[in-house]
Amino acid sequence: MAKPAQKAKGAGSGKAEAEGKLVCDNKKARFAYEVLDTVEAGLVLRGTEVKVMRQGKMSLDESHARVIDGEVFLVGANIAEYSHGNIRNHEPKRRRKCLLHAREIRRLQEKTNVKGLTLVPLRVYFGARGFAKVTLGVCRGRKTHDKRAHLRDKQAKRELRDT
């Protein structure tokens with residue numbers, strides 16, 4: 001008698017499993033900015049930062065990314081101090097290097113040199129292989145009337161979907 005086929009461990013469907021564990025989502029950025037383009041980058045972290053991120057104690061409020069000397073850095077992201085850390089505990093708001101290919105960095109630098117565009121972290125998560133990733137968006141700031149129009153459109157779509 002043949003055994004029934006079994007699913008591989010961890011196999012399944014769903015966006016969350018394919019992308020890993022979400023650590024932090026920057027909802028304010030999608031409201032305050034119009035996202036023109038996105039790019040995924042790895043993050044260079046210290047051990048205590050990874051432990052705190054796995055606990056979900058991270059904030060992307062008031063953070064942005066910047067190209068400095070041909071490298072991309074995440075500036076202003078707050079990762080809380082590790083409670084069981086020692087004297088070598090990390091600094092909560094230090095600059096963290098983002099890992100990108102050189103051609104991607106050049107492309108981002110060209111786009112952010114345009115007046116009014118900036119790099120904003122949209123979300124941080126652990127990928128399928130367990131590495132910390134950040135999704136950076138090339139964004140343009142919205143004016144107040146644009147924000148109101150965006151909310152009206154969103155509400156209209158919600159009402160159409162519900163009826």
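Filtering Y125, Y82 for residues that are without any contact (Cβ under 8 Å) to a residue 60 or more places away in the chain, hydroxyl-bearing (S, T, Y) and surrounded by 17 or more Cβ atoms within 10 Å (Cβ to Cβ) leaves a single hit, Y82.
Looking across region 81-116, the residues that are under 17 Å from the mean Cα position of the chain (by Cα) and of a type in the set (A, V, I, L, M) come down to L99, L100, I105, L108. Applying the condition of being of a type in the set (V, I, T) and without any contact (Cβ under 8 Å) to a residue 40 or more places away in the chain to region 41-73 and asking which residue is farthest from K21 (Cα to Cα) yields I68. Count of region 53-85 residues, restricted to those that are among the hydrophobic types (A, V, I, L, M, F, W, C) and in contact with a strand residue (DSSP E or B) (Cβ under 6 Å, 6 or more places away or on another chain), is 9. Taken as a whole, the structure places R107 among residues that are surrounded by 14 or more Cβ atoms within 10 Å (Cβ to Cβ) and out of contact with any strand residue (DSSP E or B) (no Cβ under 6 Å at 6 or more places or on another chain).
Quick note: the coordinates plus some simple rules give every number you see, no bench work behind them. Since the structure is predicted, the reported quantities are computational estimates derived from the model, not experimental observations. Glycine gets a Cβ as well: all are built from the backbone with ideal geometry, and neighbour counts include every protein chain shown.
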